[in-house]
Every structure is written in C-alpha cells, then in structure tokens.
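Working notes, beginning with the structure itself.
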Amino acid sequence: MLGYVNLEDTFLDRTIRIGRQNAAHGAIGRFDGIMAGVGNGEGNRFNLLAGVPYMGTTESTRRFYGMSYETILNDVWSGEVYYNFQTADNIAERSAIGGNVRYYKNNWSLMASAEYDTIYREFNAITLQATGQTDPYGYYFFMDRRKSPMLFAERSLLIGLNTPYRQPFNTVGDTFRRSGLSSDEIYKFINSSTAISNAYVVGISKQLNKKWSLATDMQVTNQTSAEDTSFIPTA
C-alpha cells in the first residue's frame, strides 16, 4: 500500500514527495520517507532521498540515504548513476553504487544496469536487455546475474545457529555484538552464503501476416549453491 504527498513545480522543475513510496534511485523496495529532485528542464536531474525501508517482519531498525543523477545525453542515449547507503541498528549493511544506461534508435533498444556493493565487495546485479526489428524479423536478448536474495545484513541472523543456543539472533545488532566474529567475518558470511542467480534468453520472431507471427526462444537459468561456511553447523 502506498500513500504520499507529491509537490511539483513544473516551471522550476522541482519536486518533493513525502510518505510511503515505491523504490527509486537505488532504494530497495518501498520506503517511508522523503524524495526531492531538482532538474534543469532539459532532462538532467539531481535527486536526494532518505527514509525507512519497508522490510516486512523484522526487529532491526533501518535507515537509508541516497542520491542520484539522471541525464539525457542526446536523442538516443540516457542514463542514471546513484549511491545508496543503509544501516541496520546503526550498522552499515548496504553501500551500493549503481546505474543504468539506455539506448533507443529507430527499432533498436538497449538497456544495461549494474550495482556494486562496497561493503561486500560484490555485484548485487548486472542486467542487459536488447531488442531489435528488421521487418519481418524481431530479435530479443536478455541477461541477468544477481545475488538472490539481495545482500542484506538480515542474513547474518543465521550465525546464531552456531551458538550453544542453536537459535538465530533477533536483530542485526545482536549478531555484531554477540557472535564473537569481526565485522569483516560477518560480511563475508553474508556474501558467501547468498546464492547467485543467472538467466539468459535469446529469441527471434517473424511476422507471417497481419494476424499471425511465429516466435521461438532459448532460455538458460541456474542458481549457484551457497558456499558451505564454518559458521553454520551442517549436522
């Protein structure tokens, strides 16, 4: 459920949105907070956002801050770069640098995006999508590689299974205070115990007539197994 107030000055190209809103500019999922943008009326725009991410059922307290710059380079190229920083119980759990680039000309389009987290030293996601048309044929390509689920400190609660109580920790703060592990060891566990999902699709279609077309594609998907770490008991 969303609910926000949106104030916009179209003459000066200024916007402010306050309330629960959808993900944007590097924010992950819905969040309660504020987003403000300043543009120059020519497709260039600087955005600031901050708030509390909506994470469902969790006992950890989270805050995030972000910024982004959007630009339209010319008639065919546009893109965005962003930075997003998030804490859980005042402990850094996300420091992501990302962006996307988009190309469109005639019947050809390309969209590429990537996000790298400096805390885990790992790419959260890399995506490439391309489409094209040369009558009567159409072409499609899609590639996606991402951490599944997204890298978050919530996964560190599982380290509690390796304690004498054999119970997950309740909060991220508990993990960092009571696990006996260093921050680097906890971040390494989160990264190594999170699987990577890969998907590749290549397709082609042919327009037979005004009513009928024929299409075929090849898809390959896989997910890596999470690395077995010494932090979690296997027995």
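The values are calculated or read from the model by the stated rules, or taken from the named source; none is laboratory data. Remember, predicted model here, so these are calculated numbers, not experimental data. Cβ atoms come from the backbone with ideal geometry, glycine included; neighbour counts cover every protein chain shown. Keep in mind that these areas ignore ligands, DNA and RNA; they rest on the heavy atoms of the full protein, side chains included. Shrake-Rupley method; radii C 1.70, N 1.55, O 1.52, S 1.80 Å.
For the reader, a short list of remarks on this structure follows.
- Asn74 vs. criteria more than 18 Å from the chain's Cα centre (by Cα) and among the polar types (S, T, N, Q): yes
- Members of the range 4-28 found to be under 21 Å from Gly99 (Cβ atoms) and open to solvent by less than 40 Å² (accessible area, probe 1.4 Å), listed by number: Thr15, Gln21, Ala24, His25, Gly26, Ala27
- Restricting attention to the range 71-98, the residues being touching a residue at least 40 places away in the same chain (Cβ under 8 Å), open to solvent by 40 Å² or more (accessible area, probe 1.4 Å) and more than 21 Å from Phe169 (Cβ to Cβ) number 1.
- Tyr120 of a type in the set (Ser, Thr, Tyr), under 15 Å from Ser95 (Cβ atoms), open to solvent by less than 60 Å² (accessible area, probe 1.4 Å) and part of a helix (DSSP H, G or I): no
- Residues being under 16 Å from the mean Cα position of the chain (by Cα) and either open to solvent by 60 Å² or more (accessible area, probe 1.4 Å) or under 14 Å from Glu80 (Cα atoms) (or both) - total across the range 99-117: 9
- Residue in the range 81-99 that is closer than 18 Å to Phe152 by Cβ, basic (Lys, Arg) and out of contact with any helix residue (DSSP H, G or I) (no Cβ under 6 Å at 6 or more places or on another chain) present: yes
- Out of Thr127, Thr131, sole residue that is open to solvent by 20 Å² or more (accessible area, probe 1.4 Å), among the polar types (S, T, N, Q) and either without any contact (Cβ under 8 Å) to a residue 40 or more places away in the chain or assigned to a strand (DSSP E or B) (or both): Thr131
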